[in-house]
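Report on the following structure.
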Amino acid sequence: MTAHKGTWNDHIFPQNTLASISKAIDNQYQAIEFDVLATKDNQLVLAHDQKLKKISNCEGEIKNLKLSALLNCKIKKNTLLPITQILLKKVKRPQYMSSASEVLDYLIANEAKLIWIDLKDNTIAASNILIDLIKSKRLTAFESSTIVVNSTSLDVLKNIKSSLPNIGRSIEGKWGAEPLTNRLYFLETVLNDITHLSLNVGLRVGDEPLYKVINKRKRFEKRLKALLIDAHSKNIKVIGWTVNNLRKLKRLSETDLDYLLTDKTATPSK
């Protein structure tokens with residue numbers, strides 16, 4: 001199991017902070033995912049969304065602020081859905097924002113088995129900032145199974161590959177469902193530029209029309225099995241996200257998914 005934005009589902013600590021990631025390590029998670037955005041002064045800070053006002057005591061957008069200013073922003077709320085800031089939950093122990101640099105240092109020191117960095121800026125400029133950070137940490141020799149950069153942009157992943165050929169590269173299609181709906185493209189056209197597929201297996205949107213409700217789960221599981229067989233035959237690993245229902249977690253943990261993301265505070269038993 002992989003901790004999604006650290007562990008924060010009990011809303012003690014805010015997601016995407018050093019505190020939530022430290023808690024994940026304490027709770028025996030060995031694989032950690034977090035989101036990063038580029039700052040005005042070409043640094044990386046942990047965050048999923050640009051706007052600060054709804055979740056913190058700061059205003060404005062991350063891209064318009066320097067890292068030093070952002071590190072003085074205290075996160076007070078968690079978003080309950082990964083694609084929106086409509087649903088929010090107050091946290092018991094607000095935390096200051098965290099830099100990607102300090103979080104990488106912490107995870108390397110604690111020998112995390114997987115560090116999955118979700119680069120939310122789909123630009124070459126942002127990927128260059130991440131490349132420089134990884135190089136500065138002397139992590140270029142890490143295997144692709146240890147550090148993985150996720151993006152919805154194939155150009156970003158190609159740029160990562162050209163500078164950091166050993167680092168893992170994960171492609172995420174629209175709604176996270178496209179590896180299922182367009183398997184041929186993801187397993188043939190982009191094969192040479194990726195090492196991982198990012199797949200939405202939690203709140204599945206876009207994999208089928210909403211009116212097709214009868215036997216939808218069975219069809220999904222059949223297509224997932226076929227995708228995993230094809231992906232593994234090409235040495236592509238598949239990362240499934242984000243599942244919090246315990247029955248669904250158990251069911252999916254019994255598939256051949258290589259990694260499965262959850263927001264659960266404690267490591268769910270398989």
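Key figures
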{"item": "Region 226-238: number of residues that are of a type in the set (D, E, K, R), farther than 16 Å from THR2 by Cβ and surrounded by 15 or more Cβ atoms within 10 Å (Cβ to Cβ)", "result": "1"}
{"item": "Single residue of LEU81, LEU71 found to be out of contact with any strand residue (DSSP E or B) (no Cβ under 8 Å at 6 or more places or on another chain) and aliphatic (A, V, I, L, M)", "result": "LEU81"}
{"item": "Selection status of ASP263, out of contact with any Phe, Trp or Tyr (no Cβ under 8 Å at 6 or more places or on another chain), of a type in the set (D, E, K, R), closer than 20 Å to GLU172 by Cβ and in contact (Cβ under 8 Å) with a residue 24 or more places away in the chain", "result": "no"}
{"item": "Residue check, LYS135 of a type in the set (D, E, K, R) and exposed (fewer than 15 other Cβ atoms within 10 Å of the Cβ)", "result": "yes"}
{"item": "Residue that is surrounded by the most Cβ atoms within 10 Å (Cβ to Cβ) [pool: residues in region 190-225 that are more than 20 Å from LYS250 (Cβ to Cβ) and of a type in the set (Gly, Ala, Ser)]", "result": "SER198"}
{"item": "Members of region 50-62 that are in contact (Cβ under 8 Å) with a residue 40 or more places away in the chain and not hydrophobic (A, V, I, L, M, F, W, C)", "result": "SER56"}
{"item": "Out of LEU157, LEU139, LEU119, LEU133, sole residue that is in contact with a strand residue (DSSP E or B) (Cβ under 9 Å, 6 or more places away or on another chain) and modelled with pLDDT under 95", "result": "LEU139"}
{"item": "Any hit, region 41-55, residues being of a type outside the set (Ser, Thr, Tyr), surrounded by fewer than 20 Cβ atoms within 10 Å (Cβ to Cβ), at negative phi and within 15 Å of the chain's Cα centre (by Cα)", "result": "yes"}
{"item": "Contacts under 7 angstrom Cβ, first residue in region 197-213 being among the charged types (D, E, K, R), partner buried (at least 16 other Cβ atoms within 10 Å of the Cβ), 6 or more apart", "result": "ARG204/ALA177; ARG204/PHE220; ASP207/ALA177; ASP207/LEU180; ASP207/PHE220"}
{"item": "Tabulated pairs, region 176-188, first in contact (Cβ under 8 Å) with a residue 24 or more places away in the chain and within 13 Å of ALA226 (Cβ to Cβ), second among the β-branched types (Val, Ile, Thr) and surrounded by 19 or more Cβ atoms within 10 Å (Cβ to Cβ), C-beta under 9 angstrom, 6+ apart or interchain", "result": "PRO179/ILE171; PRO179/VAL238; LEU187/ILE236"}
{"item": "Close pairs from region 20-38: first more than 17 Å from ASN122 (Cβ to Cβ), partner modelled with pLDDT under 95 and part of a strand (DSSP E or B), Cβ under 6 Å, at least 6 apart", "result": "ALA31/LEU114"}
{"item": "Which listed residue, of ILE171, ILE115, ILE167, is under 23 Å from VAL205 (Cα atoms), of a type in the set (Val, Ile, Thr), in contact with a Ser or Thr (Cβ under 8 Å, 6 or more places away or on another chain) and crowded, with 20+ Cβ neighbours inside 10 Å", "result": "ILE171"}
{"item": "Region 56-76, residues that are part of a strand (DSSP E or B) and closer than 20 Å to ILE12 by Cα", "result": "SER56, LYS74, ILE75, LYS76"}
{"item": "Index of the failed condition, LYS53 passing every other in (1) more than 26 Å from ILE131 (Cα to Cα); (2) part of a strand (DSSP E or B)", "result": "(2)"}
{"item": "ASN64 being surrounded by fewer than 23 Cβ atoms within 10 Å (Cβ to Cβ), in contact with a strand residue (DSSP E or B) (Cβ under 9 Å, 6 or more places away or on another chain) and polar (S, T, N, Q)", "result": "no"}
{"item": "Within region 181-207, considering residues that are modelled with pLDDT under 95 and under 18 Å from VAL243 (Cβ atoms), the one nearest to the chain's Cα centre (by Cα)", "result": "GLY202"}
{"item": "Region 239-255 - residue that is in contact (Cβ under 8 Å) with a residue 60 or more places away in the chain and in a loop (DSSP other than H, G, I, E, B) and, of those, surrounded by the most Cβ atoms within 10 Å (Cβ to Cβ)", "result": "THR242"}
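The values are calculated or read from the model by the stated rules, or taken from the named source; none is laboratory data. Quick caveat: nothing in here was measured; it's all calculated off a predicted structure. Note that we place each Cβ from the backbone using ideal geometry, even for glycine, and neighbour counts take in every protein chain shown.
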